[in-house]
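A short worksheet on the structure shown next.
Each reported figure results from applying straightforward, stated rules to the coordinates on display, with no laboratory input. Please read all numbers here as calculations on a predicted model, not as lab measurements. Ideal geometry is used to build each Cβ from the backbone, glycine not excepted, and the neighbour counts take in all protein chains shown.
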Amino acid sequence: AQVAKPKRGKGEAQVAGMRISSPDRLVFEDPPVSKREVAEHYAALAERILPFLKDRPVSLLRCPDGVAGECFFQKHRTQGMPEPVGTVSVETKDGPEDFISLSGAAGLIGCAQMGAIEFHIWGAKNRTLDRPDRLVFDLDPDEALDFAAVKAGALEVRRRLDALGLVSAPMLSGGKGIHVIAPLKPKAEWETVKLFSRALATLMAEAEPERYVATMSKAERKGRIFIDWLRNERGSTAVAPYSLRARPGAKVATPVSWDELEGITTAGAFNIASIRDRLALPCPLREASARAVTLGAQVLKRLEKQVQE
Ligand code: ATP
Ligand code: MN
Ligand code: MN
């Protein structure tokens, strides 16, 4: 816990009414991005990011010495955090714990003040923590694969979800891969969602074992894409849409439409600067979310049939 009094004076700035200390400190080197600019990113994109981020447990990736320095994940709210950084009580195997949860733009900017660069979200909202409202298939390609292979993998996940009646949208991770996200109505429980996503990933790996694997082992990933379905477990997170990535280039995790994906050549297609142009367009993931599906008996029966074949 921090006990020192907040420093006042010219070494601070205001972003959307929130205090930002050391605003000119460089967080990214190339392109140069200051701590103030990170806060401004989240202020400018708050309306975009909050529909996906607010009122659910959030983990922060904090990089107090910039992204070239040491970064660490934090999921618990601790004393000394800016006041708008809220909390939700989550039942864990060690009893209830206070996880970070944000309800508005001030909380987002408050996290940026603490050196948060990335935001990672649970697959369920606070009011329905045991009923996930999204499925994520995180495509993790082996280093040797090109982006065309990752796109093909994402399209294959989409095709399989489509066949089961689920709507999905792709998100460029800002790193190496694509996340295929299927919004759900918060009806089914974690166990069902996890079994569903494991079965889909496994079927895909069994159909094209030269291309895909559904197990985490690094050795099996050689030349293949790991269909990481493990994001769909209680307590797992995935990077939030419109989060910056704490990697060279100040890239942004960016939802795109399936049509757009065709012309995209890298998972790092958008960065802190170019993302601003997209604010004039509707968010493709938001649109998909409006068509969320219930993972019910019908869907599960269809998948079960495929497993038995
Ligand atoms: P890439 O496209 O480069 O794989 P990614 O965000 O998908 O980028 P992964 O390593 O595949 O990166 O991780 C997937 C998700 O798992 C992350 O977005 C993050 O939410 C979560 N995650 C991974 N490692 C950790 C960790 N050490 N602590 C907490 N969450 C983590
Ligand atoms: Mn990944
Ligand atoms: Mn992964």
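For the chain, the cysteines with no partner cysteine C-beta closer than 4.7 Å are Cys111, Cys283.
The alpha-carbon of Lys222 sits under 24 angstrom from the alpha-carbons of these lysines, leaving out residues fewer than 8 places away in its chain: Lys151, Lys176. As a rough footprinting exposure proxy, the listed residues Lys251, Lys75 were ranked by other beta carbons within 10 Å of their own, and the order from fewest upward is Lys75, Lys251. Listing Leu285, Leu108, Leu26 from fewest to most neighbouring C-beta atoms within 10 Å gives Leu26, Leu285, Leu108.
With a ≥ b ≥ c taken as the square roots of the eigenvalues of the C-alpha gyration tensor of the chain, please select rounded if a/c is under 1.5 and otherwise prolate if a/b is larger than b/c or oblate if it is not? Prolate is the answer for the chain, as a/c is 1.5 or above and a/b outweighs b/c.
Overall, the anisotropy analysis places the range 14-121 in the prolate class: the square-rooted eigenvalues a ≥ b ≥ c of its C-alpha gyration tensor yield a/c not less than 1.5, with a/b exceeding b/c.
Counted residue by residue at 0.36 nm each, then reduced by the alpha carbon distance between them, the extension gain from Thr215 to Ala290 reaches 23.8 nm.
In the chain, helical runs assigned H by DSSP with n ≥ 4 each contribute -39500 (n - 2.57); averaged across all residues and rounded to the nearest 500, the mean residue ellipticity at 222 nm is -8500 deg cm²/dmol. Going from the fewest other Cβ atoms within 10 Å to the most, the residues Ser289, Ser168, Ser243 appear in the order Ser289, Ser168, Ser243. If a spin label sat at a point 7 angstrom from the Cα of Asp55 along the line to its beta carbon, the backbone N atoms of the range 64-89 nearer than 20 Å would be those of 84-89.
Within straight-line reach of Lys185, meaning a Cα separation under 18 Å, sit the following aspartates and glutamates at least 8 residues removed in sequence or on another chain: Asp55, Asp130, Asp133, Asp162, Glu233, Glu287.
Taking a ≥ b ≥ c as the square roots of the Cα gyration tensor eigenvalues, with a/c under 1.5 meaning rounded and otherwise prolate when a/b beats b/c, else oblate, which class fits the range 161-305? It is oblate, given that a/c is not under 1.5 and a/b is not larger than b/c. As a length-normalised measure over Cα pairs under 8 Å and 6 or more apart, the relative contact order of the chain settles at 19 percent.
Residues considered: Ala112, Ala292, Ala149. Largest GNM mean-square fluctuation over the chain, using C-alpha springs under 10 Å, is found at Ala149.
Among the GluC sites (Glu not before Pro) found in the range 185-238, those both in a DSSP coil and sparsely packed, with 12 or fewer other Cβ atoms within 10 Å of their Cβ, are Glu210. Structure remark: mean-square fluctuation, Gaussian network model of the chain, C-alpha springs under 10 Å; the largest value among Val85, Val252, Val239 belongs to Val85.
Across Ile49, Ile264, Ile227, mean-square fluctuation computed from a Gaussian network of the chain (C-alpha pairs under 10 Å connected) peaks at Ile264. Taken as entire DSSP H runs, the helices of the chain that both span 15 Å or more between Cα atoms along their own long axis and average -1.0 or more on the Kyte-Doolittle scale are 35-53, 147-163, 190-207, 297-308. Here are some pairs, Lys125/Lys187; Lys35/Lys251; Lys218/Lys301; Lys75/Lys218; Lys54/Lys187; which of them have Cα atoms lying more than 22 Å apart in this structure? The pairs that break the limit, which is 22 Å between Cα atoms, are Lys218/Lys301; Lys75/Lys218.
I need to check one value: relative contact order of the range 12-121, counting alpha carbon pairs closer than 8 Å and at least 6 residues apart, in percent.
30
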